[in-house]
Amino acid sequence: MPLDHRRLQGPDESQPPALWAGEGSGPRDPCALRPLFARAGLLSQAEGSAYVELSGGTKVLCAAWGPREAAEPGGGTAGGGGGGGGGRLVCEFRRAPFSSRGARPRPGGAAEREAEREAAAALREALEPAVRLARYPRARLAVSALLLQDGGSALAAAVSAASLALADAGVEMYDLAVGCALCRDPGHPSGAWLLQPGEAEERRAAARLTLALLPALNQVSAVLGGGRGGDPESWGEALRLGLDGCHRLYPVLRQSLLRAVKRRDAAHTPPGS
Amino acid sequence: MAAVCLSEAEKLYIVHGVQEDLRVDGRGCEDYRCAEVETDVVSNTSGSARVKLGHTDILVGVKAEMGTPKLEKPDEGYLEFFVDCSANATPEFEGRGGEELGTEIANTLYRVFSSEGSVDLKSLCINPREHCWVLYVDVLLLECGGNLFDAISIAVKAALFNTRIPKVRVLEDEEGSKEIELSDDPYDCIRLNVDDVPCIVTLSKIGYRHVVDATLQEEACSLASLLIAVTSKGALTCMKKIGKGSLDPESIFEMMETGKRVGKALHIALQKILDEEESLGTTRQKVGFLG
Amino acid sequence: MAAARRYCVPGERLCSAAEAAAGSGTYTRRGAVCAALAGCLRRGGGAGGVPQVAVLRDAEAQLLPDVGAVVTCRVCSINSRFAKVHILYVGSTPLRSAFRGTIRREDIRATEKDKVEVYKSFRPGDIVLAKVISLGDAQSNYLLSTAENELGVVVARSEAGVQMVPISWCEMQCPQTHTKDFRKVARVQPQFLQT
């Protein structure tokens, strides 16, 4: 019998098994960070690379390439950022076709491309203040982030990974950028914010927020959030919580970068020198 | 975006002025430029509005078309945004030049309206799973004079206020097949409740202070700005940093407070104008594009 | 080196700006010297006896052609107004990817500029020493000049495919066929002659 593939084959009413799985098991500590694993300098072909994994499933792989000749001199496009004679930062964000739960999106589909482009723009805005673009006149720095698995807080993880990759590539930077995500649980009437939500929490969240912080400079390089309105006070609280989260994540990223630098150094200096 | 060239001295002049709460055009840091709002300017739409904010000129048309509801929300209609950066605004938008900015603005609008309850989407449903109204919101940039986002959000709100969607009835015959009947009376239509539609307030950081409604010159002096969507009740529905620079945390808190205050005042002023226009009804003299 | 090496990451505060001058791989912010690179910290005496801190990386940091830098490039095409080149080295540092540059006719030599002819100065494939005079604007790429005695063609091959020998500042000769070709020959400085 020929099947109509365009029609949904499932029954009219169905519930995801997660409803019975009892995930989330009770209220969790809103300030708890998910354990983060970071490793810099793991790809051999890229000049700089980093891998960041949040326990719970978010996996991001990032590669960075140092200054290259800009494709079109001047970079007169609106988003080029080459106006001041500095270099351009070109960011790419890709989601693996199997990254998210549920149906596999068509790679290269219009909606998918649109979402990737928006994430790439957000990534660029979060990283641009951290990179010393004025040191790279007329050149192009490239960062590419690949989301292998989306377990929530993906953009935040991508920001952290991308800044690690850039630093690993030997790009001059003012600071690392640390990303952190938050979401507001609709269950809470008071609107409590959760740090680093998982995929399920993110899906049913009333509001979401992604932050990026330059910890040494104490500057916020990205704020991107939306959802059911709350008072500015509530958002302010989220901001404070998120920035605190970024400060707590920073040592992990710093350590992994130091480890990569030492490894690199050991590989290049002959023993005994 | 349209670019202006400023010398260092000019930038310094603007920055120092902002520090003293006095801007080049005589405004304070929290003052908007004089805005002109006119609704119902294009007759082929379900609702339209034109907003002139200084040298920024925005035309928004809303067209209601029938479509099928989205799978995940079978009993709701939806909104689609499209932003066209016409080459009238600046020659850089010619061809595909404005595409990037257009998608950025459209994405921001989606984000702003993603909050449940900003528009009552359930009222756009005709019959669940099968038919709903899709509101296509088309934004046209006629002129760019800075602060595009705020002007666009004002225009979108005004156009949604002006939108009239014809009433339809669903008739079901014995066999279960449904038929949609359009009301004969052109005045028999549904209006949208726009009380909760947010407006965007963009706060540009200049020096140590921030200003609302920046002109192109002021935008050139600002490295980073914070975009906040505020409802008339003062709730925030969207927050976004735009620009190449970064912001320090304290100033973000200040900006959010300012944004709420300014946004509320903006909503009150806008609602007053819209109600006034509404009360005039057909006696209102249309200015259109000759004004 | 006896002391343990100190490594740092971008943004790390190294010392106060009064203590030491900011060397390569660092920047100053609010009176402090901060690291701009992820690498190994090195303190040393800088110019004028002021100690200097720098952050070094194992691999030579990627340089970019800057105004005034002497670059080594390969000619890829010529026409009557300019020669197009690929910049391969900045000083003695190889670039990871080639940058395009242009040597205009009037920048080939310092004197009698109006009599210069590009095809009598360069041929595609020549290796040329040149100096960056401008980063160029929106339309053009790097502008280079060879208007110095030390700048110009250093390696060229004749039609027979043999490396030619310079015989004067404007001619090179093929050792096999003894044909002479015109070039803007560089008088190579001894410090560049490495074996």
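Taken over the range C:59-114, the criterion of being open to solvent by 70 Å² or more (accessible area, probe 1.4 Å), of a type in the set (Ser, Thr, Tyr) and either over 27 Å from A:Gly66 (Cα atoms) or touching a Leu at 6+ places or on another chain (Cβ under 8 Å) (or both) is satisfied by C:Ser80, C:Tyr89, C:Thr111.
Restricting attention to the range A:237-265 and to residues that are closer than 21 Å to B:Val201 by Cα and more than 7 Å from chain B (Cβ to nearest Cβ), the residue that is surrounded by the fewest Cβ atoms within 10 Å (Cβ to Cβ) turns out to be A:Glu237. Give the residues of the range A:203-236 that are open to solvent by 30 Å² or more (accessible area, probe 1.4 Å) and away from every other protein chain (no Cβ under 11 Å), sorted by residue number. Matches in the range A:203-236: A:Arg204 only.
Applying the criterion of being among the aliphatic types (A, V, I, L, M) and at pLDDT 90 or above to the residues of the range B:123-139, the residue that is farthest from the chain's Cα centre (by Cα) is B:Val134.
For the structure I just gave you, tell me whether B:Ser48 is assigned to a loop (DSSP other than H, G, I, E, B), small (Gly, Ala, Ser) and within 30 Å of B:Tyr187 (Cα to Cα). Criteria not met by B:Ser48.
Do we find that C:Cys73 is at pLDDT 80 or above and closer than 19 Å to C:Asp126 by Cβ in this structure? Spelling it out, C:Cys73 is indeed at pLDDT 80 or above and closer than 19 Å to C:Asp126 by Cβ.
Taken as a whole, the structure places B:Pro74 among residues that are within 13 Å of another protein chain (Cβ to nearest Cβ), in contact (Cβ under 8 Å) with a residue 12 or more places away in the chain and either touching a Lys or Arg at 6+ places or on another chain (Cβ under 7 Å) or farther than 25 Å from B:Met239 by Cβ (or both). Of the strands (runs of 3 or more DSSP E) that lie entirely inside the range B:178-291, those containing 3 or more residues that are under 20 Å from B:Ser153 (Cβ atoms) and within 14 Å of another protein chain (Cβ to nearest Cβ) span B:199-206, B:224-230, B:236-243. The one condition from (1) within 29 Å of C:Gly91 (Cβ to Cβ); (2) surrounded by 15 or more Cβ atoms within 10 Å (Cβ to Cβ); (3) in contact with a Pro (Cβ under 9 Å, 6 or more places away or on another chain) that C:Gln173 does not meet is (1).
Let me confirm something: among A:Ala158, A:Ala134, A:Ala165, which residue is surrounded by fewer than 24 Cβ atoms within 10 Å (Cβ to Cβ), touching a residue at least 12 places away in the same chain (Cβ under 8 Å) and not in a strand (DSSP E or B)?
On the way: A:Ala158 fails: surrounded by fewer than 24 Cβ atoms within 10 Å (Cβ to Cβ); A:Ala165 fails: surrounded by fewer than 24 Cβ atoms within 10 Å (Cβ to Cβ).
Selected residue: A:Ala134, the only one of A:Ala158, A:Ala134, A:Ala165 that is surrounded by fewer than 24 Cβ atoms within 10 Å (Cβ to Cβ), touching a residue at least 12 places away in the same chain (Cβ under 8 Å) and not in a strand (DSSP E or B).
When the range C:14-54 is filtered for residues that are in a strand (DSSP E or B) and closer than 17 Å to A:Gly170 by Cβ, the ones remaining, listed by number, are C:Thr26, C:Tyr27, C:Cys34, C:Ala35, C:Gly39, C:Cys40, C:Leu41, C:Arg42, C:Ala54. Residues of the range B:93-116 that are facing another protein chain (nearest Cβ under 7 Å) and among the charged types (D, E, K, R): B:Glu100, B:Glu104, B:Arg111, B:Glu116.
May I ask you to say which residue of B:Val212, B:Val262 is touching a helix residue (DSSP H, G or I) at 6+ places or on another chain (Cβ under 7 Å) and buried (at least 18 other Cβ atoms within 10 Å of the Cβ)? None of the other options fit; the residue is B:Val212.
So which of B:Glu92, B:Glu100, B:Glu104, B:Glu80 is open to solvent by 30 Å² or more (accessible area, probe 1.4 Å), within 19 Å of B:Ile200 (Cα to Cα) and part of a helix (DSSP H, G or I)?
Numbers: B:Glu92 fails: within 19 Å of B:Ile200 (Cα to Cα); B:Glu100 fails: within 19 Å of B:Ile200 (Cα to Cα); B:Glu80 fails: part of a helix (DSSP H, G or I).
From the options B:Glu92, B:Glu100, B:Glu104, B:Glu80, the qualifying one is B:Glu104.
Do the conditions hold for B:Tyr13, that is, is it open to solvent by 20 Å² or more (accessible area, probe 1.4 Å), under 17 Å from B:Ser222 (Cβ atoms) and of a type in the set (Ser, Thr, Tyr)? For B:Tyr13, the condition - open to solvent by 20 Å² or more (accessible area, probe 1.4 Å), under 17 Å from B:Ser222 (Cβ atoms) and of a type in the set (Ser, Thr, Tyr) - is met.
Residue-by-condition table, conditions (1) closer than 26 Å to B:Leu101 by Cα; (2) hydroxyl-bearing (Ser, Thr, Tyr):
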site	(1), (2)
B:Val112	yes, no
B:Leu121	no, no
B:Pro128	no, no
B:Tyr136	yes, yes
B:Leu141	yes, no
B:Ala151	yes, no
B:Ala158	yes, no
B:Phe161	yes, no
B:Glu175	no, no
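The values are calculated or read from the model by the stated rules, or taken from the named source; none is laboratory data. Not measured: the values here are computed from a predicted model. Note that each Cβ is placed from the backbone with ideal geometry, even for glycine, and that neighbours are counted across all protein chains shown. Just so you know, the surface numbers come from the protein's heavy atoms only, side chains and all, with ligands and any DNA or RNA stripped out. Shrake-Rupley method; radii C 1.70, N 1.55, O 1.52, S 1.80 Å.
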